[in-house]
Every structure is written in structure tokens, then in C-alpha cells.
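Undergrad: Sending over a structure as C-alpha cells; questions will come in a sec.
The values are calculated or read from the model by the stated rules, or taken from the named source; none is laboratory data. Small disclaimer: the values here were computed from a predicted structure and weren't measured. Note: ideal-geometry Cβ built from the backbone for every residue, glycine included; neighbour counts use all protein chains shown.
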């Protein structure tokens, strides 16, 4: 078992690098996608602003149409007023004109408020568009670099996988190899831990004496009872 442990200790160094590369391969596309999502969210916000600006513009036109119709009605009333001396009718015309002018004033105030709000939204939208244009240019360069990094890391990963298979060869029994591989996944690339002064260097828990004795005898595979890592002692 001592010879098997030597192979595993040697292999552990390779696997630490391999898992580091795999973490990098997971991180790179995740960060790239997050950056893409942030830009897409701003693009979506521009679309929402466009829709809101269009809605306000249409509402302003509708209110302006009402105000225009009211102005035309006032002109018509003024014409009709000049054709009659009926005091009751003139009073009615006067009352209607006051109401129409009040409504026109309200219309104009509404249009002014809407216009100010719309112009504020247009400023926000235009600033977003400018920022997006710059971010898109930066992202294109960034994404290209990420692809290169992923390609390089993938090539390195394939190279290391081949090297570890050659290094392991037939020198590690199948059951030991299976345990080692499972621990690699469970412990993020750290399947082994040195035992120093009866303390596991993986979880820093002191192991029972019988564990230490078994490891000294090197008859079987010994695992830490706490973290389950395969224990070894430096020669």
C-alpha cells in the first residue's frame, strides 16, 4: 500500500492543478454570461423606455387634439355670439367658453407635465444607449479573450487528463482508484491529507491511535474518520 500511496500523492499534485483548471473553465463562461446578461438587461430597459416614451407621445397628441377641438369650438361660439342679441343665449355661450378655456388650460398643463417627463425619459434612454454601445464594444473584445482562455484551458485539461491516466496506469487497484476519484469530487480536488502528529491536515482533527497504527503498517487504505480523505505520512 505504501507504493500505491506514493502514486496517489504524486497524482494529487496533478489533480490539484486539474481541478483548478476545471474551476477556471466553470468560472470563465459564468462571468461572461453574467456580463452579457447585464448588457441585455440595459437593452431591455431601453426598449421599455422607448415604449413608455411612445405612449406618452400618443397621449400628448390625444390631449392636444382635444384642446384643438375646444379652441375651434370657442371660435365657433364667438361667431355665433356675434349673430344674436338673445341675452340668455349669450350667457350660455359665455358659460361654455369659460368651461372650454378652463379645459384647454388643464390640457396644456397636462401636456407640459407629460412633455417634461417624456424628455427626462429620453435623456435616460439616450444615456443608456451610449453606455450600451461602449459596453458592447468592450464585451466583444472581452468575449473573444474569454474564448481564447477557455480554448487554452480546455487543451491543458485534456493534456493533464492524459498525463494522469498514464501516471496512474495499473499501479492503483480499482477499488482504491474508485475511492480516490469519489473523494476528488467530494473534496474539490483534495482526496488525500497528510497525517502529522496524529492530526489530519485536511480537517485538522486528531485521529484515534488505531488509525495512526494502521497507517504505519501500510497494509490497507486508511481514511480520516472525520473528512474521509485518504491519509498518508511523508517519508
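Undergrad: Based on what the data block shows, is residue 48 at pLDDT 95 or above, in a helix (DSSP H, G or I) and closer than 30 Å to residue 137 by Cβ?
TA: Answer is yes for this residue.
Undergrad: Working only within the stretch 200-222, note down all residues that are within 12 Å of residue 5 (Cβ to Cβ) and either modelled with pLDDT of 95 or more or touching a strand residue (DSSP E or B) at 6+ places or on another chain (Cβ under 7 Å) (or both).
TA: Scanning the stretch 200-222 gives 215, 221, 222.
Undergrad: Scan the stretch 206-223 for residues that are surrounded by 13 or more Cβ atoms within 10 Å (Cβ to Cβ), without any contact (Cβ under 8 Å) to a residue 60 or more places away in the chain and more than 27 Å from residue 21 (Cα to Cα) and report the count.
TA: Count: 7.
Undergrad: Quick check on this structure: which one of 175, 188 is surrounded by fewer than 18 Cβ atoms within 10 Å (Cβ to Cβ) and in a loop (DSSP other than H, G, I, E, B)?
TA: 188 is the lone residue from the list that is surrounded by fewer than 18 Cβ atoms within 10 Å (Cβ to Cβ) and in a loop (DSSP other than H, G, I, E, B).
Undergrad: If we keep just the residues of the stretch 157-166 that are out of contact with any helix residue (DSSP H, G or I) (no Cβ under 6 Å at 6 or more places or on another chain) and touching a residue at least 24 places away in the same chain (Cβ under 8 Å), which is nearest to residue 234 (Cα to Cα)?
TA: Per the stated criteria, the residue is 163.
Undergrad: Please pick out the residue among 123, 104, 132 that is closer than 15 Å to residue 50 by Cβ and in contact with a helix residue (DSSP H, G or I) (Cβ under 6 Å, 6 or more places away or on another chain).
TA: Step by step, each of 123, 104, 132 is checked, and only 132 is closer than 15 Å to residue 50 by Cβ and in contact with a helix residue (DSSP H, G or I) (Cβ under 6 Å, 6 or more places away or on another chain).
Undergrad: Look at residue 15 and say whether it is within 27 Å of residue 138 (Cβ to Cβ) and under 38 Å from the mean Cα position of the chain (by Cα).
TA: In short, no.
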